[in-house]
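To start, the structure under review is shown below, and the notes come after it.
The values are calculated or read from the model by the stated rules, or taken from the named source; none is laboratory data. Small disclaimer: the values here were computed from a predicted structure and weren't measured. So basically every Cβ, Gly included, is an ideal-geometry build from the backbone, and we count neighbours across all protein chains shown.
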Amino acid sequence: MNLRKYLKVYKKFLHTSLASELEYKTNILVDLITAILSLVGSIFLLSIFFQNNGYIGGWKFEQALIIQAIYTILNGITNTWFNPNLTEIVKHIREGTLDFVLLKPIDSQFYISLKKINPSGFLEIMLGFLLLFFCIRINQINLNLSFLTLSLITISCSICILYSLWFFISTTTIWFVKTWNATEVLRSFLYIGRFPLNSFSFSLRIFFSVVIPIAFITTIPSEVLLGLSQFWKILLEVIIAMIFLFTSRKFWLFALKFYTSASS
Amino acid sequence: MISNLINNKIFTLLKVQYSNMLEYRVEIALWAISGIIPFFMLNIWTSNNLNESINISDVLLSRYFLCAFFVRQFSVVWVVFSFEEDSLMGKVSPYLIQPLNPFFRYFAQHLAEQITRFPFALIIAFFFFIFNPETIWIPNLSILILSILSTFLSFLIQFLIQSIVACLCFWTEKASSIERLLFIPTLFLSGLLAPVVSFPEYVKSWIYLTPFPYLIDFPANLLSGNETNIRGGLSMQILWIFLLFPLFKKIWSEGTKKYTAMGS
């Protein structure tokens, strides 16, 4: 693995996809309004839950807002990187253009996961950070270095888990060809990441921490920010993130063995 | 003679589209699964006893969300995405020559998909009843017919709105981002995530003037036996259809004049 070469290639990827996406400027504006409305909508929904209750699953409204902020950031990352690239896999496989990717002297997973970028997701990420800073103020969180590192670690682990989930599902396309709906299923499951895990019933809590670890994606980073998290939970998240990254890589290499190009 | 011709056309279109949709059974099953968000919301409501504050019993609320799931299943519209693809690829040109508005084709596609989707939705409902046996109920025949009618009207409203957005493809290339924008108020205000009764007063005062509560909240309330104004709801649905239909015809005739086939 030559790191410098990959960085250089990634710079080219950024350049080309930004250039093509910026062709649709009004589109970016519409996407920004969509992101703002969607955040307003979910805060509205949250306020309905809290209108007669002080606590939900042990979380106050101000604390639950942190989860919204982290969800918005992660959703922005999904829309910027994961979604545009991984829906492309389906196209590559259906049209047989994956051949060209595999023939390139570069890692295929790298190429497929980072080729495209959707700049309108950046605005959503910024929106999420704005809300996060607001939450840090209203929850009176004292920022210090060790605490910042911990939250950075947990958020990057969340990103890794999220990426692996997306990549895992997209990889199954090699067998099923038309699975972009499967990513839609994943999307609807991820939706529950907007709410604290404790607000669900016990069986769903188990499901969302063991089967699909959505619980780890937003709840643990929020707990870290609030200073509520235990050390073992953070450690567990790091381990899970590593397992997910590793298996998604292995799964991709395994799936490639079954790839029989289209119409040949 | 004319009506016979139309019947024939519609019947043939439906038959073709139904066999086409049957090819993609797995895909449609996945779509059906991706609609289970209402059940997660129900879980939040009941695990936190939030329904006590809005005076709806657990059982009625469960039925409400089950019905919301059903109504959503049979009023999903994606015409803008199909039309955008067809218009970008220049596939609309041959359709325009045919003595049949291309939207009939999409309409038949949607109906056929709903027929294919029906068994999957039933399976999901079956599992719901296994886990919540106390919620089983049998609506009486007239209510059932009325709610099927109102679900169909809700589908028609959404189909018309999306067709209007789809016609914007004649002017801009990415009309689907406008649809994504419109989807946000639909998601939060239609009653899919929380029944409209639970909304705060400052929203309830104006929401019944918009089409949103008639998309899911009204048919779901009707079917689940919750309190609702049947006559008012149905007449509002019909009113919206009468408002939207001329708008669609207008924008369609303007758009087809504007249309220049891609690559010609």
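Give me a count of the residues in segment A:19-35 that are in contact (Cβ under 8 Å) with a residue 12 or more places away in the chain and loosely packed, with under 14 Cβ neighbours inside 10 Å. Step through it out loud before you land on a result.
Let us first name the residues in segment A:19-35 that are in contact (Cβ under 8 Å) with a residue 12 or more places away in the chain, namely A:21-22, A:27-28, A:31-32, A:35.
From what is left, the residues that are loosely packed, with under 14 Cβ neighbours inside 10 Å are A:22.
Qualifying residue count, segment A:19-35: 1.
Scan A:Gly76, A:Gly58 and give me the residue that is touching a Gly at 6+ places or on another chain (Cβ under 7 Å) and within 25 Å of A:Ala215 (Cα to Cα).
Selected residue: A:Gly76, the only one of A:Gly76, A:Gly58 that is touching a Gly at 6+ places or on another chain (Cβ under 7 Å) and within 25 Å of A:Ala215 (Cα to Cα).
If you scan segment B:214-253, which residues turn out to be touching a Ser or Thr at 6+ places or on another chain (Cβ under 7 Å) and not in a helix (DSSP H, G or I)?
At the first step, the residues of segment B:214-253 found to be touching a Ser or Thr at 6+ places or on another chain (Cβ under 7 Å) are B:214-219, B:221-223, B:233-234, B:237, B:248.
B:Leu215, B:Ile216, listed by residue number.
Any residue at all in segment B:200-222 that is at positive phi and either out of contact with any helix residue (DSSP H, G or I) (no Cβ under 9 Å at 6 or more places or on another chain) or surrounded by 23 or more Cβ atoms within 10 Å (Cβ to Cβ) (or both)?
Within segment B:200-222, none of the residues are at positive phi and either out of contact with any helix residue (DSSP H, G or I) (no Cβ under 9 Å at 6 or more places or on another chain) or surrounded by 23 or more Cβ atoms within 10 Å (Cβ to Cβ) (or both).
Of the numbered conditions (1) closer than 17 Å to B:Phe199 by Cβ; (2) within 13 Å of another protein chain (Cβ to nearest Cβ); (3) of a type outside the set (Ser, Thr, Tyr), B:Leu61 satisfies every one except a single condition; which is it?
Here B:Leu61 clears every test but (2).
Please determine whether any residue of segment A:243-253 is in a loop (DSSP other than H, G, I, E, B) and aliphatic (A, V, I, L, M). It would help to see each step written out before you state the result.
So in segment A:243-253, the residues in a loop (DSSP other than H, G, I, E, B) come out as none.
No, the conditions are met nowhere in segment A:243-253.
Looking at segment B:5-47, which of the residues that are polar (S, T, N, Q), assigned to a helix (DSSP H, G or I) and crowded, with 16+ Cβ neighbours inside 10 Å is farthest from the other protein chains (Cβ to nearest Cβ)? I'd like the intermediate steps shown before the answer.
So in segment B:5-47, the residues polar (S, T, N, Q) come out as B:7-8, B:12, B:17, B:19-20, B:34, B:43, B:46-47.
Filter once more, so that each one left must be assigned to a helix (DSSP H, G or I): B:7-8, B:12, B:17, B:19-20, B:43, B:46-47.
Filter once more, keeping what is crowded, with 16+ Cβ neighbours inside 10 Å: B:17, B:43, B:46-47.
Details: B:Gln17: 17, B:Asn43: 5, B:Thr46: 8, B:Ser47: 5 Å.
The extreme case among them is B:Gln17.
Cβ-Cβ below 6 Å, separation at least six or inter-chain, first residue in segment A:181-203 and at the interface with chain B (Cβ under 7 Å from one of its Cβ atoms), second in a loop (DSSP other than H, G, I, E, B): which pairs?
Between residues of segment A:181-203 that are at the interface with chain B (Cβ under 7 Å from one of its Cβ atoms) and residues that are in a loop (DSSP other than H, G, I, E, B), the close pairs are A:Glu184/B:Ser34; A:Val185/B:Ser34; A:Ser188/B:Ser34; A:Ser199/A:Gly57; A:Ser199/B:Asn48.
Which residue out of A:Ser188, A:Ser261, A:Ser248, A:Ser201 is surrounded by fewer than 20 Cβ atoms within 10 Å (Cβ to Cβ), more than 19 Å from A:Tyr71 (Cα to Cα) and touching a Ser or Thr at 6+ places or on another chain (Cβ under 7 Å)? Lay out the reasoning, then the answer.
Values: A:Ser188 fails: more than 19 Å from A:Tyr71 (Cα to Cα); A:Ser261 fails: touching a Ser or Thr at 6+ places or on another chain (Cβ under 7 Å); A:Ser248 fails: surrounded by fewer than 20 Cβ atoms within 10 Å (Cβ to Cβ).
Every option except A:Ser201 fails the conditions.
Would you confirm, using the coordinates I've provided, whether A:Thr87 is touching a residue at least 40 places away in the same chain (Cβ under 8 Å) and either under 25 Å from A:Leu165 (Cα atoms) or assigned to a helix (DSSP H, G or I) (or both)?
On the way: touching a residue at least 40 places away in the same chain (Cβ under 8 Å): yes; either under 25 Å from A:Leu165 (Cα atoms) or assigned to a helix (DSSP H, G or I) (or both): yes.
Here the answer is yes, as A:Thr87 does meet what is asked.
Among B:Thr256, B:Thr172, B:Thr210, which is more than 22 Å from A:Ser42 (Cβ to Cβ) and assigned to a loop (DSSP other than H, G, I, E, B)? Please lay out each step first, then the result.
Numbers: B:Thr256 fails: assigned to a loop (DSSP other than H, G, I, E, B); B:Thr210 fails: more than 22 Å from A:Ser42 (Cβ to Cβ).
Unique residue meeting the criteria: B:Thr172.
Only one of B:Phe129, B:Phe152 is in a helix (DSSP H, G or I), more than 12 Å from every other protein chain (Cβ to nearest Cβ) and within 20 Å of the chain's Cα centre (by Cα); which?
On the way: B:Phe129 fails: within 20 Å of the chain's Cα centre (by Cα).
Selected residue: B:Phe152, the only one of B:Phe129, B:Phe152 that is in a helix (DSSP H, G or I), more than 12 Å from every other protein chain (Cβ to nearest Cβ) and within 20 Å of the chain's Cα centre (by Cα).
Mind checking which residues of segment B:187-207 are at the interface with chain A (Cβ under 10 Å from one of its Cβ atoms) and either free of Cβ contacts under 8 Å to residues at least 40 places away in the same chain or not in a helix (DSSP H, G or I) (or both)?
From segment B:187-207, those at the interface with chain A (Cβ under 10 Å from one of its Cβ atoms) are B:187-189, B:193-195, B:198-200, B:203; that's our starting set.
Once the filter is applied, which keeps residues that are at the interface with chain A (Cβ under 10 Å from one of its Cβ atoms) and either free of Cβ contacts under 8 Å to residues at least 40 places away in the same chain or not in a helix (DSSP H, G or I) (or both), segment B:187-207 yields B:Leu187, B:Phe188, B:Leu189, B:Leu193, B:Ala194, B:Pro195, B:Phe199, B:Pro200, B:Val203.
Check off (1) within 11 Å of chain B (Cβ to nearest Cβ); (2) touching a helix residue (DSSP H, G or I) at 6+ places or on another chain (Cβ under 7 Å); (3) among the small types (Gly, Ala, Ser) for A:Ser47 and give me the number that stays unchecked.
(2)
Can you name the number of the only condition in (1) part of a helix (DSSP H, G or I); (2) away from every other protein chain (no Cβ under 14 Å); (3) at pLDDT 85 or above that A:Lys116 fails?
(1)
State yes or no: is B:Phe159 closer than 27 Å to B:Leu60 by Cα, aromatic (Phe, Trp, Tyr) and within 21 Å of the chain's Cα centre (by Cα)?
Details: closer than 27 Å to B:Leu60 by Cα: no; aromatic (Phe, Trp, Tyr): yes; within 21 Å of the chain's Cα centre (by Cα): yes.
In short, no.
Looking at segment A:50-78, which of the residues that are surrounded by fewer than 17 Cβ atoms within 10 Å (Cβ to Cβ) and of a type in the set (S, T, N, Q) is nearest to the other protein chains (Cβ to nearest Cβ)?
If we take residues in segment A:50-78 being surrounded by fewer than 17 Cβ atoms within 10 Å (Cβ to Cβ) and of a type in the set (S, T, N, Q), then A:Asn52 is nearest to the other protein chains (Cβ to nearest Cβ).
Table: residues versus (1) exposed (fewer than 15 other Cβ atoms within 10 Å of the Cβ); (2) over 25 Å from B:Leu30 (Cα atoms); (3) in contact with a His (Cβ under 7 Å, 6 or more places away or on another chain).
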residue	(1), (2), (3)
B:Arg105	no, no, no
B:Phe126	yes, no, no
B:Trp137	yes, yes, no
B:Ser154	no, no, no
B:Val165	no, yes, no
B:Leu168	no, yes, no
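Take the residues of segment A:79-106 that are touching a helix residue (DSSP H, G or I) at 6+ places or on another chain (Cβ under 7 Å) and within 14 Å of chain B (Cβ to nearest Cβ): which is surrounded by the most Cβ atoms within 10 Å (Cβ to Cβ)?
A:Asn79
Among the residues of segment B:159-173, is there at least one that is among the aromatic types (Phe, Trp, Tyr), within 14 Å of chain A (Cβ to nearest Cβ) and free of Cβ contacts under 8 Å to residues at least 40 places away in the same chain?
Keep residues of segment B:159-173 that are among the aromatic types (Phe, Trp, Tyr), which gives B:159, B:170-171.
When the remaining residues are screened for being within 14 Å of chain A (Cβ to nearest Cβ), the result is B:171.
Those left that are additionally free of Cβ contacts under 8 Å to residues at least 40 places away in the same chain: none.
The answer is no, given that none of the residues of segment B:159-173 is among the aromatic types (Phe, Trp, Tyr), within 14 Å of chain A (Cβ to nearest Cβ) and free of Cβ contacts under 8 Å to residues at least 40 places away in the same chain.
Does segment A:157-174 contain any residue that is within 14 Å of chain B (Cβ to nearest Cβ) and either surrounded by fewer than 17 Cβ atoms within 10 Å (Cβ to Cβ) or in contact with a Cys (Cβ under 7 Å, 6 or more places away or on another chain) (or both)?
Going through segment A:157-174, the residues within 14 Å of chain B (Cβ to nearest Cβ) turn out to be A:169-170, A:172-173.
Filter once more, keeping what is either surrounded by fewer than 17 Cβ atoms within 10 Å (Cβ to Cβ) or in contact with a Cys (Cβ under 7 Å, 6 or more places away or on another chain) (or both): A:172.
Yes: one or more hits.
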